[in-house]
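To keep things clear, I will list the structure first and then write my remarks on it.
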Amino acid sequence: MVKVFNFFKKVFNNLFGNNREIKLGFYGPPNAGKTSLANRICKDFTGEEIGSVSKIPHETRNVQFKEKVEIEYKGKKMTFKMVDTPGIATKIDYEEFLKYKVKKKEAKIRAKEATQGIIESIKWLDDMDMVVIVLDATENPYNQVNITIIGNLVARKIPVLIVANKIDLKKADLKKVEAAFPEYEVVGISAKYGKNLEEFYEAIFSLSKKV
């Protein structure tokens, strides 16, 4: 019965277009550029950003989202609910914030909020239709955080695109990210300068077919 329903649903969508809002989550470690990428997309297609960015880790400590972001690419249009999540980390120490001249009291509050944000991020995975994992291309991709994120997505069978951000920097190593995750498509971009976003949109539209 379910197979029959899915068949007619697919036929209906092909005939009349699938106008539903696809929930697109941005996940990854802190300071990889999740919010920068989400901001650029939202600014390009809605004129508004989704959140603030900072050099201080865990600037995004709450899940933030923007609904009905209609992305148009090569004559095609799709509507997304953009979900920007706090950076995933295995451990958060308030002393990490002190390095950025944050006062001790505020640092402890930030650490507590960031920890809650990680828990919230993982909970939101159950609502995601597809996920973009944003990694810093200058950092080693072989770490516990990235493995944890991938593991959670695999368990939920959520379509994934990996973005290697900051390719404008000399230390960026796109091939290393590709080698770390050979089973996934990896797109190298610079969210800061808008570099290679065409390939990103191409990959997003292609991945949406799996939703």
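Rule-based calculations on the coordinates, nothing more; no lab input. In this text the structure is predicted, and so the values were computed from the model without any measurement. All Cβ positions, glycine included, derive from the backbone under ideal geometry; neighbour counts span all protein chains shown.
Under 1.5 on a/c is rounded, so check that first for segment 99-154, then, if it is not, pick prolate when a/b is larger than b/c and oblate when it is not; a ≥ b ≥ c are the square roots of the alpha carbon gyration tensor eigenvalues.
It is oblate, given that a/c is not under 1.5 and a/b is not larger than b/c.
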Between helix 144-156 and the chain: long-axis angle, C-alpha atoms, 0 to 90°, nearest 10: 30
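With 25 Å as the limit, write out which pairs from Lys74/Lys157; Lys91/Lys175; Lys74/Lys195 have Cα-Cα distances beyond it, or answer none.
Cα-Cα > 25 Å for Lys74/Lys157; Lys91/Lys175; rest within.
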Mean residue ellipticity (222 nm) of the chain, computed from DSSP H runs ≥ 4 via -39,500 (n - 2.57), nearest 500: -12500 deg cm²/dmol
GNM top mover of Glu49, Glu70, Glu183 - the chain, alpha-carbon springs below 10 Å: Glu183
Cβ-based net charge around Ala107, under 12 Å, with every Lys or Arg adding one and every Asp or Glu removing one: +3
Rounded tilt (10° steps) of 2-16 against the dominant C-alpha axis of the chain: 90
Difference of contour (0.36 nm per residue) and Cα-Cα distance, Arg156 to Asp44: 37.3 nm
Given charges at Cβ of Lys, Arg, Asp, Glu: the chain dipole, positive-most of Ile118, Asn165, Gly151: Ile118
Anisotropy class of segment 139-211 from Cα gyration tensor, a/c 1.5 cut: oblate
Proximal aspartates and glutamates relative to Lys81, as straight alpha-carbon distance under 12 Å, when same-chain residues fewer than 8 apart are discounted: Glu21, Glu67, Glu70, Asp127, Asp129
Protection proxy ranking, peptides 21-32, 95-106, average beta carbon neighbours within 10 Å, highest first: 21-32, 95-106
